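Everything on this sheet refers to the single structure shown next.
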Amino acid sequence: MATISLKLDRRRANARGLFPIQFLLSSKGKVTTIGTGINVLPEHWNGEIHKAVVPKCPNARAINESIEALFFKYSNSLRELDIDGRLAGKSVSEIKKLLTSSHKGSDKESLTAYFSRYAESRRTEKSREVYRYTLKAIRAFDSKEITFEKVNVIWLKAFDAHLEKQGAGINTRAIHFRNLRAVFNSAINEDLIGLEYYPFRKFKIASANKDKEALTEEQLQRLIAYETPYPFRRTARDLFLLSFYMCGMNLVDLFHLDRLRDGRAHFVRTKTSGKNINPVSILVQPEAAEIIARYAGTDHVLRFAEESATYQTFNNRIQKAIRAIAQELNIEGLTFYWARYTWATLADKLGISEKEISKGLGHVDTSIAGKFYISYDWTKVDRANRAVLDYIQKKW
């Protein structure tokens, strides 16, 4: 009889250094794998069916419950197939196809059930909340357990009309549909459903461009000169400027940055880590180096990741402090993300090419040549960034 076990595939990590958890299907000396869609750090791997990851692994309980549930589903399906005599003479790849086909048809592995499992496997709590929000909206629209097959273009249009009727704006609806699309893509990658069930080929996700907010030069200069008796507001101001000095680097990437090499920050943006394997390389300018020295960590560039607060808690405190600064300086709507918009806006004003601005911001290169064949010269971004900082200093 075919058997199934659990393994961590350590052959190749993804962009975040995580390895995939897989089921190992064996029959007559041949083996194949079945994906789970869950990736973890090797030090978090425990390897037991009832306890795949250790408690310190983020979202450990949900991962362990998902793995255990999948194992029993596959094991039960194998027994049923064996009793029915449907495994006789079958190769391991044929057994996998039977097993995953049986798994697809299970009521427990409906779209909504899989969506919940996918949501709980996300890396950050913020991301998990976004997917839970979409699942809640789906269940409010269709309270039944929804199969993948049911979600076609007609269903998507009806769901869109329902969301609009409920007052959801075009960008909120776009978030829901992008989340739903990601779940379909994951299910296809795990061989839970076939490509024929993918409904987004003929359904366009509409969205509206948000107005990008940037500090004026005068506002930026006031922020640079800003002084406060409140230590954490000073920290928030410093990190905002550090983001600006580092080409609009996101706060989450500053928080987790764990290496400088040859005076450069090398990192893969958290936001695009699933799409981009090429790291961003930003030269640490003197203005940035001064701030980094003020908050230097032991194992990280900045010390904040080594303190007790989670990133989400830290981010909430920073955003709150930025709002307080905005009120003091009378800058309506200021958020940390304005550092990114401000850098890009000034770079564009100085005539820096869109290519260099995009690379500095860490955008994913969608061209084949850019992805695989061209070794980018990051000194172009260095010169662009220096031009922006010099411009601000001259204005000051």
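Just for region 141-155: of the residues that are more than 20 Å from residue 187 (Cα to Cα) and loosely packed, with under 12 Cβ neighbours inside 10 Å, which one is modelled with the lowest pLDDT?
Taking the candidates together, the pick is 143.
Filter region 207-250 for residues that are part of a loop (DSSP other than H, G, I, E, B) and small (Gly, Ala, Ser) and give the result. Steps first, answer last, please.
First, pick out the residues of region 207-250 that are part of a loop (DSSP other than H, G, I, E, B): 207-216, 225-230, 246-250.
Matches in region 207-250: 207, 208, 214, 225, 248.
When you go through 238, 253 one by one, which is the residue that is in contact with a strand residue (DSSP E or B) (Cβ under 7 Å, 6 or more places away or on another chain) and not β-branched (Val, Ile, Thr)? Working first, answer last.
On the way: 238 fails: in contact with a strand residue (DSSP E or B) (Cβ under 7 Å, 6 or more places away or on another chain).
Residue meeting the stated conditions: 253.
Conditions first: (1) under 23 Å from residue 70 (Cα atoms); (2) touching a Pro at 6+ places or on another chain (Cβ under 9 Å). Residue 153 passes all but one, so which condition is the exception?
All conditions pass for residue 153, except number (1).
Could you check region 20-59 and list, in sequence order, the residues that are among the basic types (Lys, Arg) and either outside the structural domain of residue 95 (by TED's automatic domain parsing) or more than 27 Å from the chain's Cα centre (by Cα) (or both)? First the steps, then the outcome.
Restricting attention to region 20-59, the residues satisfying the condition of being among the basic types (Lys, Arg) are 28, 30, 51, 56.
Correct list: 28, 30.
For region 183-198, what are the residues that are buried (at least 16 other Cβ atoms within 10 Å of the Cβ) and touching a residue at least 60 places away in the same chain (Cβ under 8 Å)?
Listed by number, the residues that qualify are 183, 186, 187, 190, 191, 192, 193.
I'm checking my understanding of the structure. Among residues of region 322-335 that are surrounded by 18 or more Cβ atoms within 10 Å (Cβ to Cβ) and under 25 Å from the mean Cα position of the chain (by Cα), which one is modelled with the highest pLDDT?
If we filter region 322-335 for residues that are surrounded by 18 or more Cβ atoms within 10 Å (Cβ to Cβ), which is where we start, we get 322, 325, 331, 334.
Restricting the remaining residues to those that are under 25 Å from the mean Cα position of the chain (by Cα) gives 322, 334.
Details: 322: 95, 334: 91.
This residue is 322.
Does any residue of region 280-297 turn out to be without any contact (Cβ under 8 Å) to a residue 60 or more places away in the chain, in the same structural domain as residue 382 (by TED's automatic domain parsing) and within 23 Å of residue 15 (Cβ to Cβ)?
Looking only at region 280-297, we keep the residues that are without any contact (Cβ under 8 Å) to a residue 60 or more places away in the chain, and these are 284, 286, 288-294, 296-297.
Then drop every residue that is not in the same structural domain as residue 382 (by TED's automatic domain parsing), which leaves 284, 286, 288-294, 296-297.
Applying the additional criterion that residues be within 23 Å of residue 15 (Cβ to Cβ) yields 284, 297.
Within region 280-297, one or more residues are without any contact (Cβ under 8 Å) to a residue 60 or more places away in the chain, in the same structural domain as residue 382 (by TED's automatic domain parsing) and within 23 Å of residue 15 (Cβ to Cβ).
Find all pairs meeting these conditions: Cβ atoms under 9 angstrom apart; at least six residues apart or on different chains; first residue within region 266-277 and closer than 19 Å to residue 243 by Cα and assigned by TED's automatic domain parsing to the domain that holds residue 252; second residue modelled with pLDDT under 55 and outside any helix (DSSP H, G or I).
268/276; 269/276
Among the residues of region 73-90, is any surrounded by 14 or more Cβ atoms within 10 Å (Cβ to Cβ) and at pLDDT 85 or above?
yes
Looking at 311, 391, 373, can you tell me which residue is modelled with pLDDT of 90 or more and aromatic (Phe, Trp, Tyr)? Give the steps one after another, and end with the answer.
Working: 311 fails: modelled with pLDDT of 90 or more; 373 fails: modelled with pLDDT of 90 or more.
Result: 391 is the single residue among 311, 391, 373 that is modelled with pLDDT of 90 or more and aromatic (Phe, Trp, Tyr).
Does at least one position in region 156-166 carry a residue that is more than 27 Å from residue 62 (Cβ to Cβ), surrounded by fewer than 17 Cβ atoms within 10 Å (Cβ to Cβ) and touching a residue at least 40 places away in the same chain (Cβ under 8 Å)?
Narrowing region 156-166 to residues more than 27 Å from residue 62 (Cβ to Cβ): 156-158, 160-162, 164-166.
The next check asks that each one be surrounded by fewer than 17 Cβ atoms within 10 Å (Cβ to Cβ); those that pass are 157-158, 161-162, 164-166.
From what is left, the residues that are touching a residue at least 40 places away in the same chain (Cβ under 8 Å) are 157.
Yes: one or more hits.
For region 327-348, give me each residue that is without any contact (Cβ under 8 Å) to a residue 24 or more places away in the chain and under 17 Å from residue 386 (Cβ atoms).
348
What are the residues in region 251-307 that are at pLDDT below 95, part of a loop (DSSP other than H, G, I, E, B), of a type outside the set (Val, Ile, Thr) and more than 21 Å from the chain's Cα centre (by Cα), if any?
Passing the criteria: 262, 263, 297, 299, 307.
For every residue, the table says whether it meets (1) exposed (fewer than 15 other Cβ atoms within 10 Å of the Cβ); (2) over 30 Å from residue 174 (Cα atoms); (3) assigned by TED's automatic domain parsing to the domain that holds residue 176.
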position: 200; (1), (2), (3): no, no, yes
position: 206; (1), (2), (3): yes, no, yes
position: 236; (1), (2), (3): no, yes, no
position: 243; (1), (2), (3): no, no, no
position: 251; (1), (2), (3): no, no, no
position: 255; (1), (2), (3): no, no, no
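Return the residues of region 308-327 that are in contact with a helix residue (DSSP H, G or I) (Cβ under 9 Å, 6 or more places away or on another chain) and part of a loop (DSSP other than H, G, I, E, B); say none if nothing qualifies.
Residues satisfying the conditions are 309, 310.
Among the residues of region 268-276, is any more than 30 Å from residue 179 (Cα to Cα), crowded, with 19+ Cβ neighbours inside 10 Å and among the β-branched types (Val, Ile, Thr)? Quick ask: steps written out before the conclusion?
We begin by selecting, within region 268-276, every residue more than 30 Å from residue 179 (Cα to Cα); these are none.
For region 268-276, residues more than 30 Å from residue 179 (Cα to Cα), crowded, with 19+ Cβ neighbours inside 10 Å and among the β-branched types (Val, Ile, Thr): absent.
The values are calculated or read from the model by the stated rules, or taken from the named source; none is laboratory data. As the structure is a prediction and not an experimental result, all values here were calculated from the model. Cβ atoms come from the backbone with ideal geometry, glycine included; neighbour counts cover every protein chain shown.
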